[in-house]
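**Student:** First the structure, which I've put down as structure tokens, then a few questions once you've had a look.
The values are calculated or read from the model by the stated rules, or taken from the named source; none is laboratory data. A quick note: this is a predicted structure, and the numbers were derived from the prediction, not measured. Because the Cβ atoms are built from the backbone with ideal geometry, glycine has one as well, and the counts that use them run over all protein chains shown. Protein only, heavy atoms only, side chains kept; ligands, DNA and RNA dropped before computing areas. Shrake-Rupley method; radii C 1.70, N 1.55, O 1.52, S 1.80 Å.
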Amino acid sequence: MREQMTQKPTNNSTMPSTKIAMNKQVLDEVSTEHANEILQRLADEDAKISKRIQELALEYLTEVDPDCIAEDIFYDLNILDVEDVWKNSGSTRYGYVDPYELAFEIFEEALEPYIDDLRKCQELSMDEKAKLHCMGILKGIDQFEREATTEFKDWAVDAPYENFIEVFEEWRKENKNPKNLEDMDEFIKKNFPEWYSDVLKE
């Protein structure tokens, strides 16, 4: 893309290089939130564009590896800094901030991008991929619970268990394929036996 910006226009060029550079700069400055809104507007305005957007989205979402998702989640959770809890809790100008509640919120924020991917799969009726996303998230949470040795973990004691249950419940409510429920039941029973009975209670 950078080479395209610096090359001189050829006879086949349909747009001057300076125009290309300006367009790229505009795209680079668009936030994720605005990018989603722009895509939605384009999709609403033109059925062909809408179809193409869905095709491209499916390409990005084609491969879902629960193990890779779990590894990424464990890494993101394991680097959470307890200093952020200490610096932003206790007595503040806005009142008292409980450090345990703050640590719980920070934990949830770290998971949110992965849960968003799960939701996108379900919105596109990609039930199989949504199931795999959910499995990966659950594995990542469990790995943090078992293997993390960070000080942050001591302040987010209940966060792994509660988020494990919440993620599963959110997935289950939107799942449309009964076979996926059987697969998930077996997956949780095999990999997280200590939490299996609690999942069934929910």
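**Student:** So N163 fits all but one of (1) out of contact with any Leu (no Cβ under 7 Å at 6 or more places or on another chain); (2) touching a residue at least 24 places away in the same chain (Cβ under 8 Å); (3) not hydrophobic (A, V, I, L, M, F, W, C); what number is the exception?
**Tutor:** (1)
**Student:** Can you tell me which residues in the stretch 139-153 are more than 26 Å from L181 (Cβ to Cβ), open to solvent by 70 Å² or more (accessible area, probe 1.4 Å), out of contact with any helix residue (DSSP H, G or I) (no Cβ under 6 Å at 6 or more places or on another chain) and assigned to a helix (DSSP H, G or I)?
**Tutor:** E147, the sole residue that qualifies.
**Student:** To continue, here is another question. Among the residues of the stretch 87-138, which ones are open to solvent by less than 80 Å² (accessible area, probe 1.4 Å), within 22 Å of the chain's Cα centre (by Cα) and at pLDDT below 90?
**Tutor:** Correct list: C121, L124, M126.
**Student:** Considering each residue of the stretch 120-157, count those that are farther than 16 Å from F74 by Cα and touching a residue at least 12 places away in the same chain (Cβ under 8 Å), and give that number.
**Tutor:** Adding up the residues that qualify gives 13.
**Student:** For E71, work out the one condition from (1) modelled with pLDDT of 95 or more; (2) open to solvent by less than 80 Å² (accessible area, probe 1.4 Å) it doesn't fulfil.
**Tutor:** Against the list (1) modelled with pLDDT of 95 or more; (2) open to solvent by less than 80 Å² (accessible area, probe 1.4 Å), E71 comes up short only on (2).
**Student:** Do you know which of the residues in the stretch 49-68 that are modelled with pLDDT under 70 and of a type in the set (S, T, Y) is most open to solvent (accessible area, probe 1.4 Å)?
**Tutor:** If we take residues in the stretch 49-68 being modelled with pLDDT under 70 and of a type in the set (S, T, Y), then Y60 is most open to solvent (accessible area, probe 1.4 Å).
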